[in-house]
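Before any comments, here is the structure.
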Amino acid sequence: LSFMETSYGLGTMSGPFLGGLLYEYGGFSLPFLVCGTLLGLIGGLASVLFLLIKADSQEDEKDDIESENGDPSAMQQLRLRKILKMPSVLMPLFVVVLSGMSTQWYQPTLEPYLSKNYNISGFKASLFLIIDGAMYVIVSPFVGLAMDKTVHTRFLLIIGCAIISCSFFLIGPFYLPYGPSLIQIGIGLAVHGIGMAANFIGTLSILNDEMEKINGGSVEKATGMSTCLWITAESIGGFAGSLVGGSSYDIWGWDISCLIIASLHGIGAVLALGY
């Protein structure tokens, strides 16, 4: 899980930088043209790969069906409505939504805020969006190792929510003695990346464990369902984060906007504590 999240973090880290660079030298259309072309090529390669492994997967599915026919406990079905009523599933999903909100909260507003208050170009401002992704990439493997060393996932979520809450206090409402600075904002974004790693990996691990219990220990089916729920919750959080983060910035300004998401993660830490 940690290596999968590291790959996700590499994309998060490189996207703003490459997008800003392409926009700076090629205009608005070039980033979309390059991204669309790369996605098309990767989709084609993935299709070829699926065709190559299709025969093996069909044999595995046949073996799984025969195994399930002989084992009644394996026939237990995963029903979405039943799953979403379970507190042990709702809590990590809520944390995923909050974490998704935090990753997108300042995406539409950080560049105009930095350009307006610190007089830097759009490309230089986009470099700040690399910081949280870079820290996420660095920390994710260590979070995975910590979980392998029997660090409790609930403790991980408590720490993750608390760290993200503190990071937004650093980015916005509370300033060091010499006033707001680019250095403090950079530190806050780095701290945010650490909290992202703890929350994303911890929640996916909890969902995997819960799905395995429901599905009679079937790792493959549990992984599919937990990943589906996780990605859905993260997407909902990303949408809500961009919408509410941008709106709150326009209405109340940068400091209040950061205070809102920091408070939400404080609530998340309390819920994880009671889980």
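Answer with yes or no whether Asp209 is acidic (Asp, Glu) and in contact (Cβ under 8 Å) with a residue 60 or more places away in the chain. The answer is no for Asp209. Taking the criterion of being open to solvent by less than 60 Å² (accessible area, probe 1.4 Å) and part of a helix (DSSP H, G or I), the residues of the stretch 107-126 that qualify are Leu110, Pro112, Tyr113, Leu114, Ser115, Tyr118, Gly122, Phe123, Ala125, Ser126. Among the residues of the stretch 178-189, those identified as open to solvent by less than 70 Å² (accessible area, probe 1.4 Å) and modelled with pLDDT of 80 or more are Ser181, Leu182, Gln184, Ile185, Gly186, Gly188, Leu189.
Scanning the stretch 213-235 turns up at least one residue that is touching a Gly at 6+ places or on another chain (Cβ under 8 Å) and surrounded by fewer than 18 Cβ atoms within 10 Å (Cβ to Cβ). What are the residues in the stretch 157-177 that are open to solvent by 20 Å² or more (accessible area, probe 1.4 Å) and more than 24 Å from Tyr249 (Cβ to Cβ), if any? Those that are open to solvent by 20 Å² or more (accessible area, probe 1.4 Å) and more than 24 Å from Tyr249 (Cβ to Cβ): Ile158, Ile159, Pro177. Scanning the stretch 88-106 for residues that are open to solvent by 10 Å² or more (accessible area, probe 1.4 Å) and of a type in the set (Gly, Ala, Ser) yields a count of 1. Pairing residues of the stretch 33-49 that are in contact (Cβ under 8 Å) with a residue 12 or more places away in the chain with residues that are open to solvent by less than 100 Å² (accessible area, probe 1.4 Å), at Cβ distances under 7 Å and at least 6 apart in sequence or on separate chains, gives Val34/Leu22. Entry remark, the stretch 30-58: residues being open to solvent by 80 Å² or more (accessible area, probe 1.4 Å) and at pLDDT 85 or above number 7 in total.
For Lys85, indicate whether it is open to solvent by 40 Å² or more (accessible area, probe 1.4 Å), of a type outside the set (A, V, I, L, M, F, W, C) and part of a helix (DSSP H, G or I). No: the conditions fail for Lys85. Pairing residues of the stretch 109-131 that are within 20 Å of Leu243 (Cα to Cα) with residues that are hydroxyl-bearing (Ser, Thr, Tyr) and in a helix (DSSP H, G or I), at Cβ distances under 8 Å and at least 6 apart in sequence or on separate chains, gives Thr109/Tyr249; Thr109/Ser257; Glu111/Ser126; Tyr113/Tyr249. For the stretch 142-150, the criterion of a residue being assigned to a helix (DSSP H, G or I), within 19 Å of Gln104 (Cβ to Cβ) and at pLDDT 85 or above is satisfied by no position.
The values are calculated or read from the model by the stated rules, or taken from the named source; none is laboratory data. Remember, predicted model here, so these are calculated numbers, not experimental data. Every residue, glycine as well, gets a Cβ built from its backbone with ideal geometry; the counts of neighbours run over all protein chains shown. Each accessible area value is taken on the protein alone, full model and side chains, heavy atoms only, with ligands, DNA and RNA left out. Shrake-Rupley method; radii C 1.70, N 1.55, O 1.52, S 1.80 Å.
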